[in-house]
Amino acid sequence: MTPERWQEIKDVFQSALGHEPEQRSAWLDKACSSDAEMRGKVEAMLQAHEEAGSFIEASAVDVAAELMAEEQTEVRIGRDIGPYRILSRLGSGGMGEVYLARDNRLGRQVALKLLPDYFTTDGSRVKRFQQEARAASAISHPNIATLYDIGDVDSVSYIAMEYVQGETLAAKMQAGSLDSTQVIDIGIQVAGALKEAHRKGIIHRDIKSGNIMLTPDGHVKVVDFGLARVTRTEEAALDGDGVLPATTEPGLVMGTVAYMSPEQALGRATDQRTDLFSLGIVMYEMTTGRLPFSGASGSETIDKIVHAQPEAIARFNYSVPVQLEQIIRKCLEKEPERRYQSARDLLVDLKNLKRDQKTGTAVERRISRRRVVLAGLTIVTLALAGGALYSFKGRGEVIDSIAVLPFANTSGDPNLDYLGDGISESITNSLSVFPKLKVIARVSLSNYRGRESDPQALGRELGVRALLTGQVLNRGENISIVVELVDTRDNRRIWGERYNRSIRDIFAVQEDISQEISERLRLRLTGSEKQRLTKRYTDNTEAYQYYLKGRFYFNNTTVKDRYWKSIENYNKAIQIDPNYALAYSGLADSYELLTTDSNTNDRVPATESMPKERTAALKALELDDTLAEAHASLGMIKVIYDWDFPGAEKEFERAIELNPGYPYARGLYGYYLVIVWGRVDDGIAELNR
């Protein structure tokens with residue numbers, strides 16, 4: 001394809017972008033007329049443009065260029081480019097096509113990178129191509145491919161580089177994740193290469209598994225500096241003629257989408273910490289066999305990079321040392337100042353971990369038999385409870401009852417009391433999914449907050465086999481949870497642990513840990529019970545904390561205006577996450593008790609509260625019709641406001657069917673059976689449950 005033909009196709013593509021999507025087909029009929037080849041290439045570029053997102057630099061042009069490269073491949077095989085004979089095509093990089101070639105002078109094989117013909121008329125691309133050569137030539141390191149030569153022959157620009165025999169890391173991972181020793185070793189070598197590049201003032205900006213070569217003996221070579229950026233401190237050294245190297249325009253997005261840092265994806269200023277984020281993605285990929293951020297399109301992937309937290313590595317690979325996951329998570333911090341500040345710091349941590357692995361000192365691992373290390377609030381403690389219960393089974397003794405006491409707030413700030421209560425209540429609700437496990441309802445334990453009692457006495461008083469107690473210390477975005485599980489028969493401490501984690505990690509591990517608990521308890525769950533155990537109602541931790549505050553005020557009889565305060569916090573949760581069905585359900589319950597609770601000092605008439613309760617309950621069911629809490633609320637509306645007794649019974653029964661361990665539904669249904677139908681025995685049975 002000639003540069004003129006390429007420019008013609010590009011002009012048609014750019015003009016097509018100026019038309020609405022539904023008008024493009026008719027416009028292309030006229031613009032391309034009988035030129036089927038042009039139409040096919042323009043349509044391919046338009047599709048790539050839509051899939052990648054219009055804000056990705058040259059997305060459609062680059063994709064189309066790769067599609068068209070095959071036309072040139074056939075012509076170039078066997079051709080001489082200066083002193084190099086092209087043998088075969090190896091692939092494409094950030095700024096050109098890469099070929100296996102032979103240096104006719106020295107008789108050695110090289111990797112020859114050529115700037116495509118259709119880019120030779122683009123001055124900015126030629127300049128950036130030259131910058132890659134300058135950047136690569138400025139670095140001498142055993143883990144960076146050596147640059148041999150640069151030239152221009154018959155308007156074809158080329159770079160001759162070291163040909164690395166082996167395979168890319170991406171190809172190696174097609175067989176699955178790597179073991180931790182390999183991950184650490186590869187991470188050390190790439191971090192070493194980046195340390196040297198950054199020392200020279202060069203930011204790679206395209207660290208990915210496809211740009212990391214592995215030789216048969218496991219040696220790493222970082223390749224492709226086509227998107228490298230040179231910092232101001234090194235520009236003069238790299239550009240001897242005094243001309244500044246090619247720079248990136250503000251707001252321009254450069255790199256491979258799935259491996260970008262948040263600042264890179266948003267077109268903001270980048271520095272060495274951008275490469276460390278990308279290396280974190282590569283190490284996550286090596287340990288799990290999957291990318292931490294991926295979507296159906298480029299724009300969806302970028303949204304996840306900027307806003308979403310990666311799922312816990314433990315969900316996919318329990319053999320990974322905890323220290324390695326901590327290193328990877330630090331690389332993947334959204335804010336650059338929270339990441340490693342230099343490749344040197346990352347390199348030190350990786351080398352220390354490698355040393356500790358060799359000596360066998362202090363390498364904490366997740367072991368499938370029992371040791372599950374978590375990051376989170378509710379689910380972390382649920383895991384501890386589940387694991388300890390499993391230890392009873394190991395001795396042939398089945399545990400059938402447990403009470404989760406309110407967790408103590410040790411932060412010294414009474415405004416954080418909601419956190420301890422919220423965690424313990426969430427654990428209670430989660431454990432209630434197991435039909436063969438008796439779990440004491442939260443309402444029965446509210447008087448035990450802060451009370452120190454003998455576990456044996458509490459066990460007899462509550463009729464349970466085990467007690468789970470805890471303490472919560474919250475400092476900003478970090479949280480420390482101390483838990484202890486005690487056998488109420490002999491006051492024996494079964495298990496205890498302290499966890500220091502980020503509060504944001506709770507949702508990343510929820511599904512995996514929930515599944516682990518059901519397996520370790522060896523309790524059979526139905527399909528719907530498994531879904532409820534692993535269900536997350538929001539992905540936003542800020543919304544979740546407001547929900548916990550709403551629950552705290554709803555349950556706290558010592559707080560004045562408690563229902564209005566719970567309503568305020570539920571509304572804040574909904575403002576952050578409008579699809580938070582559980583928050584709408586909490587809102588409905590608060591409006592209900594503003595009318596039905598005779599002990600509150602701020603009662604309002606049913607005509608004022610019930611319409612609001614109905615709106616909230618129906619919205620919750622619109623978002624999630626399997627929410628037992630919302631069905632129970634709707635049942636109460638039908639009893640006291642609609643007088644629709646058969647409809648109310650259906651709602652109560654549906655709530656209990658969805659969640660047999662939901663105490664509020666049992667209580668409402670019990671009162672309903674006694675008061676409406678006079679079925680005293682049946683009602684008392686539900687109340688006792």
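Annotations for the structure displayed:
- Other residues with beta-carbon under 13 Å from the beta-carbon of residue 25 carry, at +1 per Lys or Arg and -1 per Asp or Glu, a net charge of -1.
- Cα Rg over Rh - segment 595-689, Kirkwood: 0.97
- Cross-link partners of residue 41 among lysines, defined as those whose alpha carbon lies under 20 angstrom from its own and excluding same-chain residues fewer than eight positions apart: 10, 30.
- Residues of type lysines that residue 208 reaches as a straight line, Cα spacing below 27 Å, ignoring anything fewer than 8 places off in the same chain: 113, 127, 172, 195, 200, 221, 304, 330, 334, 351, 354
Rule-based calculations on the coordinates, nothing more; no lab input. Worth saying up front: this structure is predicted, and the values here are computed from it rather than measured. Positions of Cβ are generated from backbone atoms using ideal geometry, with glycine treated the same way; all protein chains shown enter the neighbour counts.
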